Amino acid sequence: MEIQVLYEDSDTIVINKPVEVVVNRASSVKEYTVQDWMEDRHPEIFKSVTDKLYRERSGVCHRLDKETSGCLMLAKNVDALRYYLTLFKDRKITKEYVALVHGRVEPTEGDVILPLRRSIFDRERFQVHYEGKRAVTGWKVISRFIYPGHEHWKDSLSFLRVFLKTGRTHQIRVHLSFLGWPIFSDYRYLNSKFGREDRKFLSHHFLHAAFLSFKNFQGEEIKVEAPLPDDCQGFLNTLQIEV
């Protein structure tokens, strides 16, 4: 598997995770994962390390959904893993995404603060619910596009920069869908009819972890950017910008 390394030092790797690659191993996962890639790339680490947490995670510091591409951090030793896990827990790592969504997003920037929990009807989905955990997502419109034939969404698509201020599962996808701006080609949180139509143009949801900023294990400030997948950029290039 070819995976682009965006940043690397003696303790840290940040990769540009491809679409359709699963991060963590599980009994239900049969394909090659990021964990497998890490162990194949650094067999010397896994010959000597005995720490249970590190071996369970293979150095993976956080996760991205299977269809989400972009910046993903891995630690090359036990101490670095525990350090980065603490930074993530304390919200000291900045994560920014880009997303293409249905609708003309207004206002051009804002925050949504709505609690999330797992759906009681479908264990693979999450929902806004008063009993859920606090979740905060910010957005800023980068550009808007004309998308004829979708009157329900004012014949528009909006390209957003999204700021993840908490780290709940499916947070961005659920929040944007709840606001009436579902992510393009999101099979789980988009009406199935429109989801099928979207997948004629893009085979996965348009959500990309574009930017990661953190202080590395040596205390240096690091900023990493991940380019969009070719199919996402190609689809954007076909759209007519709203003037």
> Taking the chain as a Gaussian network, Cα atoms linked when under 10 Å apart, which of Ile45, Ile120, Ile15 shows the biggest mean-square fluctuation?
Replying inline: Ile120
> Got a sec to turn the phi values of segment 170-187 into Karplus ³J(HN,Hα) couplings, 6.51 cos²θ - 1.76 cosθ + 1.60 with θ = phi - 60°, whole Hz, x for Gly and Pro?
Replying inline: 6, 3, 4, 4, 6, 4, 5, 5, 4, 6, x, 10, x, 5, 4, 6, 8, 5
> In whole Hz, what ³J(HN,Hα) sequence does segment 148-163 give by Karplus (6.51, -1.76, 1.60; θ = phi - 60°), x for Gly and Pro?
Replying inline: x, x, 10, 4, 4, 10, 6, 6, 9, 10, 10, 9, 10, 9, 10, 10
> Normalised by the residues of the chain, what does the relative contact order come to in percent, with Cα pairs under 8 Å and at least six apart?
Replying inline: 20
> Where in segment 174-243 are there chymotrypsin sites (Phe, Trp or Tyr not before Pro) that are in a DSSP coil and have at most 16 other Cβ atoms within 10 angstrom of their Cβ?
Replying inline: Tyr187, Phe201
> Counting Lys and Arg as +1 and Asp and Glu as -1, each charge on the Cβ, what is the dipole of segment 4-241 about the Cα centre in debye, to the nearest 20?
Replying inline: 820
> Mean separation of Cα pairs under 8 Å and 6+ residues apart, divided by the residue count of segment 117-241: what relative contact order is that in percent?
Replying inline: 18
>> Run through segment 80-124 and list the chymotrypsin sites (Phe, Trp or Tyr not before Pro) located in a DSSP loop whose Cβ has at most 15 other Cβ atoms within 10 Å.
In response: Phe121
> Given DSSP loops and a limit of at most 16 other Cβ atoms within 10 Å, what is the longest stretch of the chain that contains no such GluC sites (Glu not before Pro)?
Replying inline: 32-123
>> Please compare each pair in Lys17/Lys223; Lys47/Lys95; Lys140/Lys165; Lys52/Lys133; Lys17/Lys133; Lys76/Lys215 to a cut-off of 25 Å on the Cα-Cα distance and tell me which ones are over it.
In response: Lys47/Lys95; Lys52/Lys133; Lys17/Lys133
> With θ set to phi - 60° and the Karplus curve 6.51 cos²θ - 1.76 cosθ + 1.60, what are the ³J(HN,Hα) couplings of segment 68-83 in order, to the nearest whole Hz, using x for Gly and Pro?
Replying inline: 8, 9, x, 4, 9, 9, 10, 9, 9, 7, 4, 4, 5, 4, 5, 4
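So what's the chain giving for Rg/Rh, alpha carbon basis, Kirkwood Rh from the mean inverse pair distance?
0.98
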> Nearest 20 debye, what's the magnitude of the dipole of segment 106-243 about its Cα centre given +1 on Lys and Arg Cβ and -1 on Asp and Glu Cβ?
Replying inline: 580
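Read-outs: derived from the displayed coordinates by stated rules, not from any lab. These numbers were taken from a predicted model, which means no experiment stands behind them. Glycine also receives a Cβ, built like all others from the backbone with ideal geometry; neighbour counts cover every protein chain displayed.
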